[in-house]
1. Taking the range 137-162, which residues are within 18 Å of Y79 (Cβ to Cβ), surrounded by fewer than 24 Cβ atoms within 10 Å (Cβ to Cβ) and either of a type in the set (S, T, N, Q) or without any contact (Cβ under 8 Å) to a residue 24 or more places away in the chain (or both)?
2. Find the residue count for the range 104-125, including only residues that are crowded, with 18+ Cβ neighbours inside 10 Å and either among the polar types (S, T, N, Q) or closer than 18 Å to A166 by Cβ (or both).
3. Specify the residue that is surrounded by the most Cβ atoms within 10 Å (Cβ to Cβ); the eligible residues are those in the range 126-136 that are aliphatic (A, V, I, L, M) and part of a helix (DSSP H, G or I).
4. For the structure I just gave you, tell me whether Y190 is open to solvent by less than 20 Å² (accessible area, probe 1.4 Å), in contact (Cβ under 8 Å) with a residue 24 or more places away in the chain, among the hydroxyl-bearing types (S, T, Y) and under 24 Å from A80 (Cα atoms).
5. Residue check: is G179 closer than 17 Å to S95 by Cα and out of contact with any helix residue (DSSP H, G or I) (no Cβ under 7 Å at 6 or more places or on another chain)?
6. Does A166 count as modelled with pLDDT of 90 or more, among the aliphatic types (A, V, I, L, M) and open to solvent by less than 80 Å² (accessible area, probe 1.4 Å)?
7. Quick one: in the range 136-161, which of the residues that are small (G, A, S) and under 27 Å from P109 (Cβ atoms) is nearest to the chain's Cα centre (by Cα)?
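The values are calculated or read from the model by the stated rules, or taken from the named source; none is laboratory data. The structure displayed is predicted, hence computed values, not measured ones. A quick note on method: Cβ atoms are made from the backbone with ideal geometry, for glycine too, and the neighbour counts reach across all protein chains shown. Accessible surface areas use protein heavy atoms only, side chains included; no ligands, DNA or RNA. Shrake-Rupley method; radii C 1.70, N 1.55, O 1.52, S 1.80 Å.
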Amino acid sequence: MKRHTTLLAAVAAMIFIPFQTASADIYQYTDANGVIHFSNVSTGGGKKYRKVRSEQPREQTSRSAAAPSTPMKNSPAVYAGIISSACDRHGVDPSLVRAIVKVESDFNPYALSRKGAMGLMQLMPQTALVMNVRNTFNPYENIDGGVKYLRYLIDRYEGNLSLALAAYNSGETAVKKWGTVPPFPETQNYVQRILKLYNGTGSAITPHYTIYVGYGEDGALLLTDDPHKHKDKNLKRKTSKSL
């Protein structure tokens, strides 16, 4: 619980740093356990919210207006370098990540869903914590954490991009339960939209095969692809591009 509080407190601090232009007001409340929550609405469930970031309405411009001298703050070009660097580190196609960011947040670094997903790649607090993202609204950290998580999902589903995207949207538990893309309209639409944006622009997805190696209580060699079942073991991760 304290780790969640620390993470979200860091997020709260970042909200006040104008790295990029936000597109909505952001509110927060602290629950009975001391955990900080964020929302883009000021009311709901009897919770007492307070505004922590205010966004002034943007002026509307006509299509005939002169183009700005610099790219729009939420345009793909602004984040091209960040995406390319993260994809180089984790072995993911930048075209795929651009499609995901487009669908997830439309390149708004302060996007915040009603479920609590944050930033460009809409990371949930627990995902951000696991991916070691301390500042979810920081584009560098958010994209790196999102791409790292995507790489993990691509590997887990052995290059099946539809399943990896479904898990990114609805969670690994839902994909495991149904054994395919879950029959949720939101998830099915999500997968289709990204594949449509990505189709014909990216390279083939090659999974990295990962196995965890350790020793059982009797000293026997332990090999597994699911370390969560052996949390009490000191397992070492081994990754290969071929079996």
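1. N138, E141
2. To start, the set of residues in the range 104-125 that are crowded, with 18+ Cβ neighbours inside 10 Å comprises 104-105, 107-112, 117-123, 125.
So of that shortlist, the ones also either among the polar types (S, T, N, Q) or closer than 18 Å to A166 by Cβ (or both) come out as 104-105, 108, 117, 121-123.
Within the range 104-125, residues that are crowded, with 18+ Cβ neighbours inside 10 Å and either among the polar types (S, T, N, Q) or closer than 18 Å to A166 by Cβ (or both) number 7.
3. So the residue we want is A128.
4. So Y190 passes the test.
5. Spelling it out, it is not the case that G179 is closer than 17 Å to S95 by Cα and out of contact with any helix residue (DSSP H, G or I) (no Cβ under 7 Å at 6 or more places or on another chain).
6. In short, yes.
7. Restricting to residues being small (G, A, S) and under 27 Å from P109 (Cβ atoms), the top hit is G146.
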